[in-house]
Amino acid sequence: MNPDILSFDAREGLETFFSDPYAVEFMQRGGTVAYGMVPTRAGLNAADAATAAGDPRELAQRAMITATCGLGLLEPSAIAESFSVAHKVGQLVRSLLGA
């Protein structure tokens, strides 16, 4: 079975992800990665991330910015805030890398 998308908690596992040869191979084959970078809590201010594998422009074109885990236990306003932050971080990544 070959997945189309890999999703993981990038705030806790970014280094592990990029040190895994299967993950790097997946990206090099053109797979999409959902980087869980946005915390699932109220009062979000910022999210930090860095990647160290492959061409950043190619990674940005196939990347999705997501919450680090489920949003099911949050208040609706916190969920909307999480999606808003994820959207803004995605736009920033793409604009910085010219994607």
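The values are calculated or read from the model by the stated rules, or taken from the named source; none is laboratory data. The structure presented is a predicted model; accordingly, all values stated were derived computationally and were not measured. Positions of Cβ are generated from backbone atoms using ideal geometry, with glycine treated the same way; all protein chains shown enter the neighbour counts.
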Among what's in the range 74-95 and is aliphatic (A, V, I, L, M) and without any contact (Cβ under 8 Å) to a residue 24 or more places away in the chain, pick the residue that is nearest to A34 (Cα to Cα). L92
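Per-residue answers, yes or no, for (1) modelled with pLDDT of 75 or more; (2) in a helix (DSSP H, G or I):
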residue: G30; (1), (2): yes, no
residue: L44; (1), (2): no, no
residue: G54; (1), (2): no, no
residue: A60; (1), (2): no, yes
residue: L71; (1), (2): yes, no
residue: K88; (1), (2): yes, yes
Just a yes or no: is a residue in the range 6-15 loosely packed, with under 12 Cβ neighbours inside 10 Å and either farther than 12 Å from C69 by Cβ or modelled with pLDDT of 90 or more (or both)? yes
In the range 2-42, the residues that are without any contact (Cβ under 8 Å) to a residue 40 or more places away in the chain and among the basic types (K, R): R29, R41
